Amino acid sequence: MIELLALFRVLLELFVDLGRTSGRKLVQPMLTAACLTGAYTAIHVTQEGSVAAGLRAAFLDNETARSERRRLEEQTTLQTELRQFAAANKLIDQLLESMLARAPGASRVRLNVIHNGVTGLTGTGLLRYDATNSVAAPGRLAGTAVTNQPLSDWSDFLPALLAGQCSFHRVADLRAVSLRARFEGFGATNTLVCPAADVQGKTVGAIFIFWDGNDPVPDGDDLRGLMAAGQHLGAQIAAVLDLQGPPPWPSLAQSG
């Protein structure tokens, strides 16, 4: 824009000088109008990205046509974002399935993502989480989808997550009553919780690996190896979430 204004000023001064030397009274206004028209056209060409689109926007389109073009552009952008979101979501499911295959005897693996929630009475933002992805072994329930749950549910394992560590828990020992009831509702008796953290160490969510009833639970070197694999998987998922971005539709926290 600054460059266009500078060009306009130079052309205007040139045309003024030409008008003065020509001695014709109508030359200067005509040249000024031509300069203004050129600058107006140049601005639209710059905004639209091509000469043809710029000329159409400057001289042919009315407000209705411009609104329709903006609507089509927004639809195209939305479709692109939807495809990108779906591709990233599919990749996350594939990563969770690889973890399920890596965890002996596990019944399901779920990803929970942290997000900003409502603002409390003190003015402090209350963090929430959503269960966004889940895979299950054959014959097992993946578990019900949950959204906009309070992060205070994670009091048993949040310190370990923030330290970038996995932690193993018996579901019956969890202090958050609603979380314990939800896990027990789909038959889980043990869970391994690992952080989904980016390269800067920022925790963006958690991976839950569950064992039901009498499922064999790993211990010793097997459990340590699974924890290392869970941390690696969490870093991969955090990278995918970063590329994925927020969903192209309003979240429940935003709309509610």
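The one condition from (1) surrounded by 12 or more Cβ atoms within 10 Å (Cβ to Cβ); (2) in a loop (DSSP other than H, G, I, E, B); (3) modelled with pLDDT of 90 or more that residue 226 does not meet is (2).
Can you find a residue in the range 169-187 that is in contact with a helix residue (DSSP H, G or I) (Cβ under 8 Å, 6 or more places away or on another chain), closer than 15 Å to residue 99 by Cβ and either assigned to a helix (DSSP H, G or I) or touching a residue at least 40 places away in the same chain (Cβ under 8 Å) (or both)? Looking for residues that are in contact with a helix residue (DSSP H, G or I) (Cβ under 8 Å, 6 or more places away or on another chain), closer than 15 Å to residue 99 by Cβ and either assigned to a helix (DSSP H, G or I) or touching a residue at least 40 places away in the same chain (Cβ under 8 Å) (or both), one finds none in the range 169-187, hence no. Restricting 193, 217, 199 to residues that are part of a loop (DSSP other than H, G, I, E, B) and touching a strand residue (DSSP E or B) at 6+ places or on another chain (Cβ under 6 Å) narrows the list to 217.
For the range 229-256, filtering for residues that are modelled with pLDDT of 85 or more, in contact with a helix residue (DSSP H, G or I) (Cβ under 7 Å, 6 or more places away or on another chain) and under 23 Å from residue 83 (Cβ atoms) leaves 3. Being within 21 Å of residue 212 (Cβ to Cβ), at pLDDT 90 or above and more than 21 Å from the chain's Cα centre (by Cα) is a property that residue 159 lacks.
The single condition from (1) at pLDDT 95 or above; (2) out of contact with any Gly (no Cβ under 6 Å at 6 or more places or on another chain) that residue 194 fails is (2). Working only within the range 129-168, note down all residues that are β-branched (Val, Ile, Thr) and not in a strand (DSSP E or B). The answer is 144, 146, 147.
Residue count for the range 190-229, restricted to those that are in contact (Cβ under 8 Å) with a residue 40 or more places away in the chain and more than 21 Å from residue 179 (Cα to Cα): 10.
The values are calculated or read from the model by the stated rules, or taken from the named source; none is laboratory data. Keep in mind the model is a prediction, meaning the values are calculated, not measured. All Cβ positions, glycine included, derive from the backbone under ideal geometry; neighbour counts span all protein chains shown.
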